[in-house]
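Nothing in this text is a laboratory measurement; each read-out follows from the coordinates by a stated rule. Just so we're clear, the structure is a prediction, and the values are computed from it rather than from any experiment. We place every Cβ from the backbone using ideal geometry, glycine too, and count neighbours over all the protein chains shown.
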Amino acid sequence: MMDWTDRHCRYFMRLLSPSALLYTEMVTANAIHFGNADELLRYDMSEHPIAVQLGGSDPALMAEAAMLAAKVGYDEVNINVGCPSDRVQSGQFGACLMSSPEIVADCVRAMRAEVDVPVTVKNRIGIDDQDSDEFLFRFVDTVAAAGCNKFVVHARIAILDGLSPKQNRSVPPLNYDRVFKLKQRHPELEIVINGGLQTIGQVDDVLQRVDGAMIGREAYHNPYFLAELEKHRDPNWQSPERRDVVASMLPYIEEQLATGEKLGRITRHMLGLFAGQPGARAWRRSLSENAFKENAGVEVIEAAIEAMPIAA
Ligand SMILES: Cc1cc2nc3c(=O)[nH]c(=O)nc-3n(C[C@H](O)[C@H](O)[C@H](O)COP(=O)(O)O)c2cc1C
């Protein structure tokens with residue numbers, strides 16, 4: 001998720017879930033080609049398994065970006081066919097590509113020729129007035145024929161004209177049924193469902209019908225949900241307490257601060273750790289108010305933890 005699941009966020013999330021496949025924010029193939037590819041693709045080894053999400057529609061640039069990502073060890077390369085923002089549309093990629101499945105197929109072919117790791121797609125169930133099973137099936141049939149075996153499907157359409165990206169994540173209604181039908185049509189494909197999953201029960205339900213569940217906003221706003229989910233699926237896993245997770249972040253944070261990173265850039269992802277727990281608001285406030293101060297260090301976090309009620 002853009003501006004959210006940066007490398008610091010993913011380092012933190014990995015402490016909460018050893019098995020989840022983590023996705024980067026979307027990185028455009030253009031940015032990788034013209035910019036600092038090493039920095040854009042930077043991640044910590046502990047983040048594995050990790051997928052990079054690429055945005056673009058030029059097969060040669062997408063192939064180059066995939067190759068560079070695979071070279072630094074990403075476990076999966078995912079193509080963004082879901083982002084509705086104007087900026088992305090003017091670059092002719094993101095959700096608008098759903099009506100050009102041949103272009104996505106060309107990208108998949110070019111990328112697969114360069115990398116051994118899976119090339120996957122994240123798409124919507126439709127766009128604008130193209131809101132039918134047939135439209136989704138035509139997209140997936142065409143892209144799967146190019147060798148894409150895994151689709152992560154955000155189970156709502158995108159409205160490309162008139163809704164902001166934020167509205168496009170809540171206004172169009174969720175339609176899980178269409179994703180379930182896609183799986184019935186293509187039992188051979190790995191189909192991962194996304195959109196609106198917020199409870200363990202919901203995740204269990206969808207996993208009866210598809211192969212995977214992707215969790216976005218709930219994982220960010222309430223990161224401990226990932227630990228609860230992990231524990232639910234693997235009861236033998238020794239889940240860390242929230243405080244242990246904070247303690248495990250400290251050496252990483254010190255290392256990052258030593259390279260010039262700002263404390264607030266890391267702690268902003270940790271604000272929701274105590275969501276629903278006593279002291280949650282004080283934790284948020286303490287970090288929000290202090291972590292962006294000049295020369296703020298780990299003592300800010302230690303003080304915030306110290307002030308938490310013992311039950312949390
Ligand atoms: C701040 C933010 C940024 C996002 N950026 C991306 C992105 O870069 N690529 C992408 O495929 N989806 C992006 N999304 C969409 C999410 O991946 C997901 O499809 C959507 O939020 C629905 O899932 P959820 O209800 O579990 O959050 C973003 C969502 C949010 C809230």
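Tabulated data
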read-out: Set 71/150; 231/293; 122/293; 150/231; 150/262 screened for pairs whose C-alpha atoms are more than 32 Å apart; value: 231/293; 122/293; 150/262
read-out: Amide H contacts under 5 Å for residue 130, placed H, 5+ residues apart; value: none
read-out: Under Karplus coefficients 6.51, -1.76 and 1.60, residue-wise ³J(HN,Hα) of the stretch 158-167 in Hz, glycine/proline x; value: 10, 9, 7, 10, x, 10, 6, x, 5, 4
read-out: Cα gyration tensor shape for the chain, rounded if a/c is under 1.5, else prolate or oblate; value: prolate
read-out: Charged-residue dipole, Cβ positions (Lys, Arg, Asp, Glu), the stretch 197-285 about Cα centre, Debye nearest 20; value: 540
read-out: Estimated distance in nm for a label pair at residue 281 and residue 217, the labels positioned 7 Å out from Cα along Cα-to-Cβ; value: 2.2
read-out: Cut-off of 10 Å, at most 11 other beta carbons, DSSP loop: longest stretch of the chain lacking such GluC sites (Glu not before Pro); value: 1-187
read-out: Value of relative contact order over the chain, rounded to a whole percent, pairs C-alpha under 8 Å and six or more apart; value: 13
read-out: Net lengthening on full extension, residue 244/residue 181 (0.36 nm per residue, minus Cα-Cα); value: 18.5 nm
read-out: Local net charge near residue 152, Cβ-Cβ under 12 Å (Lys/Arg +1, Asp/Glu -1); value: 0
read-out: For the chain, size of Cβ-based charge dipole, Lys and Arg +1, Asp and Glu -1, in debye; value: 580
read-out: Point-charge dipole on Cβ atoms (K/R +1, D/E -1) for the stretch 76-232, about Cα centre, debye to 20; value: 200
read-out: Choice from 155, 146, 51 showing the highest fluctuation, given a GNM over the chain with Cα pairs closer than 10 Å; value: 146
read-out: DSSP beta bridge pairing in the chain, given as percent antiparallel to the nearest 5; value: 5
read-out: Under 15 Å from residue 183, Cα to Cα: aspartates and glutamates that are on another chain or at least 8 residues apart; value: 133, 134, 141, 205, 211
read-out: For the stretch 18-29, Karplus couplings with θ = phi - 60° (6.51, -1.76, 1.60), whole Hz, Gly/Pro x; value: x, 9, 4, 7, 9, 10, 6, 5, 5, 10, 7, 4
read-out: Selection from 119, 229, 4, by position along the positive dipole direction of the chain (Cβ); value: 229
read-out: Karplus-derived 3J(HN,Hα), 6.51/-1.76/1.60, for each residue of the stretch 79-94, Hz, glycine and proline x; value: 9, 7, 10, x, 6, x, 5, 4, 4, 6, 5, 5, x, 6, 9, x
